[in-house]
1. Given the criteria over 25 Å from residue 188 (Cα atoms), buried (at least 21 other Cβ atoms within 10 Å of the Cβ) and in contact (Cβ under 8 Å) with a residue 12 or more places away in the chain, does residue 91 qualify?
2. Name, by its number, the condition in (1) assigned to a strand (DSSP E or B); (2) touching a residue at least 12 places away in the same chain (Cβ under 8 Å); (3) over 28 Å from residue 156 (Cβ atoms) that does not hold for residue 246.
3. Please work out which residue is nearest to residue 112 (Cα to Cα), limiting yourself to segment 263-278 and to residues that are part of a loop (DSSP other than H, G, I, E, B) and under 20 Å from the mean Cα position of the chain (by Cα).
4. If residue 290 satisfies every condition in (1) outside any strand (DSSP E or B); (2) in contact (Cβ under 8 Å) with a residue 24 or more places away in the chain but one, which is the exception?
5. Filter the strands (runs of 3 or more DSSP E) completely within segment 135-216 down to those with at least 3 residues that are touching a helix residue (DSSP H, G or I) at 6+ places or on another chain (Cβ under 9 Å), in the same structural domain as residue 274 (by TED's automatic domain parsing) and not polar (S, T, N, Q).
6. When you go through 66, 41 one by one, which is the residue that is of a type in the set (Gly, Ala, Ser) and crowded, with 19+ Cβ neighbours inside 10 Å?
7. Just one of 213, 291 is modelled with pLDDT of 95 or more, closer than 28 Å to residue 34 by Cβ, surrounded by 21 or more Cβ atoms within 10 Å (Cβ to Cβ) and acidic (Asp, Glu); which is it?
8. Tell me, yes or no, whether segment 170-180 has at least one residue that is small (Gly, Ala, Ser) and farther than 14 Å from residue 122 by Cα.
Amino acid sequence: MATFHIPVSGDSNGCHPLTLTRSLADFPLANLSLRRHQQAALIAAGLTEAAGPDGDITVHPAAWFASAELATFVTDASYGTMTMVEGVVLLARKGGTRELRATQSFAITYGWDLLRANVEAMTARKSYVQESGAHASLYVDGRLQVGKGTKILPGVVIEGDVIIGDHCKVGPNCYIRGSTAIGDKCHVGQAVEIKNSILLPGTNVGHLSYLGDSILGEKVNFGAGTITSNLRHDGGAHRSPVEGRMVDTGRRKLGAIVGDGVHTGIHTSIYPGRKFWPKTSTLPGAIVDKDILA
């Protein structure tokens, strides 16, 4: 049986501020680390993990695979590389000579790529299990996973695929939709709306807040009434600064990307695509129209 090797993550500056405090391999998607998703996909395709760096197939450390493309590559030993249009090699096989051009698989290069991977991970997930009880008024139109010890209070509405970790508190009167993953020990307060977002463990989103197409790191606290904007008035794709240059995200909707330990003051308003470096903060009533760096 062929083996694979995933090198240690290299440069992930495009995913700052999220990768300032963790490796990209450890970032959770659908509440499981990227590395675990990669390993599961490769094993499901019929490979085994090599004990060292001498696997038959070398894997890009930030690769995200479409199952059909991965299966095509693995089963046809004549393929030597799986390559993105941009020239990034996602897989390299010893002895292969042909190139498989990836159209659905991709490398996670920027923070917003994590949102794309999270949607795909949650869509592909087959089992959603509720290990905690919820108030009888809970309305679910989609698939919901609830971890141990989590409390869902009255008036909560769930639409789409939603995962809520262990020992969380959600509600009352919350609206959670899209492909949203909430980590362990999070609190989502009264009348909060969350759409298509990722919350890492220990994070609090205060009452009367809106979080759309966004990522919040660990132990973030959104003050009451904090609002993220995720749509340009002209409907165009968002652009975001990365290492001194503006990058086209290709996304029509993009909210905030927030590092660990950030605190916002009440009634903070955040322009689309803005990033917060770890442990930064805003004052009450702040308008965030630029990235907030350390």
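The values are calculated or read from the model by the stated rules, or taken from the named source; none is laboratory data. Quick caveat, the model's predicted, so the values are computed rather than measured. Positions of Cβ are backbone-derived with ideal geometry, glycine not excepted, and every protein chain shown enters the neighbour counts.
1. Spelling it out, residue 91 is indeed over 25 Å from residue 188 (Cα atoms), buried (at least 21 other Cβ atoms within 10 Å of the Cβ) and in contact (Cβ under 8 Å) with a residue 12 or more places away in the chain.
2. For residue 246, the failing item is (2).
3. 273
4. (2)
5. Where strands (runs of 3 or more DSSP E) fall fully within segment 135-216 and carry at least 3 residues being touching a helix residue (DSSP H, G or I) at 6+ places or on another chain (Cβ under 9 Å), in the same structural domain as residue 274 (by TED's automatic domain parsing) and not polar (S, T, N, Q), they are 157-164.
6. Details: 66 fails: crowded, with 19+ Cβ neighbours inside 10 Å.
Criteria check complete, one pass: 41.
7. Values: 291 fails: surrounded by 21 or more Cβ atoms within 10 Å (Cβ to Cβ).
Testing whether each residue is modelled with pLDDT of 95 or more, closer than 28 Å to residue 34 by Cβ, surrounded by 21 or more Cβ atoms within 10 Å (Cβ to Cβ) and acidic (Asp, Glu) leaves just 213.
8. Yes - at least one qualifying residue is present in segment 170-180.
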